[in-house]
Amino acid sequence: FPSHDSLQNSVQEINLNLIDGNGAPASTAGYGVAVNFFDEAGTAVTSYTPNVEYADGGILTFDIDTAVTATTGRYNLIVNLTGAGFVVKYGPLTTLVRPL
């Protein structure tokens, strides 16, 4: 699993590059995009609406904040692309929140 580390109570910009199963950039053009975080038990923690920096290249940015980083532990990030009647999911990206 790919992973990302953050410090407890931090706020930082996250840059994501979505890749499809063939290793090519996954276009987000025409989709609703959400970045969802789940704790180790699989419970939804929060959701972010990212900035789409380059839709055809699948490049997204968003700020992770204390909605996730207030509590140390391991979280899974899943990106949902929502179209007409379907959802495509990318991930997980494991995020480890470490104590200061």
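All conditions but one from (1) open to solvent by 80 Å² or more (accessible area, probe 1.4 Å); (2) in a strand (DSSP E or B) apply to Ala41; the one that does not is (2). Residues in region 1-26 that are in contact with a Gly (Cβ under 9 Å, 6 or more places away or on another chain), under 15 Å from Leu93 (Cβ atoms) and in a strand (DSSP E or B): how many? Selection size over region 1-26: 3. The single condition among (1) closer than 22 Å to Leu100 by Cβ; (2) in contact (Cβ under 8 Å) with a residue 60 or more places away in the chain that Pro2 does not meet is (1). Would you check if there is a residue in region 6-27 being open to solvent by less than 80 Å² (accessible area, probe 1.4 Å), in contact (Cβ under 8 Å) with a residue 40 or more places away in the chain and either in contact with a Pro (Cβ under 6 Å, 6 or more places away or on another chain) or of a type in the set (D, E, K, R) (or both)? Within region 6-27 (the criterion being open to solvent by less than 80 Å² (accessible area, probe 1.4 Å), in contact (Cβ under 8 Å) with a residue 40 or more places away in the chain and either in contact with a Pro (Cβ under 6 Å, 6 or more places away or on another chain) or of a type in the set (D, E, K, R) (or both)), the answer is yes, since at least one residue qualifies. Looking at region 79-97, can you tell me whether even one residue there is of a type in the set (Gly, Ala, Ser), buried (at least 17 other Cβ atoms within 10 Å of the Cβ) and at pLDDT 95 or above? No: region 79-97 contains no residue that is of a type in the set (Gly, Ala, Ser), buried (at least 17 other Cβ atoms within 10 Å of the Cβ) and at pLDDT 95 or above. Mind listing whichever residues of region 22-52 are of a type outside the set (A, V, I, L, M, F, W, C), closer than 19 Å to Thr82 by Cβ and out of contact with any Phe, Trp or Tyr (no Cβ under 6 Å at 6 or more places or on another chain)? Scanning region 22-52 gives Pro25, Ser27, Thr28, Gly30, Tyr31, Gly32, Asn36, Ser47, Thr49, Asn51. Scanning region 51-71 turns up no residue that is part of a strand (DSSP E or B), small (Gly, Ala, Ser), within 12 Å of Val97 (Cβ to Cβ) and more than 14 Å from the chain's Cα centre (by Cα).
The values are calculated or read from the model by the stated rules, or taken from the named source; none is laboratory data. Quick caveat, the model's predicted, so the values are computed rather than measured. Here Cβ is always computed from backbone atoms with ideal geometry, including for glycine, and neighbour counts include all displayed protein chains. With ligands, DNA and RNA removed, areas are computed over all heavy atoms of the protein, side chains included. Shrake-Rupley method; radii C 1.70, N 1.55, O 1.52, S 1.80 Å.
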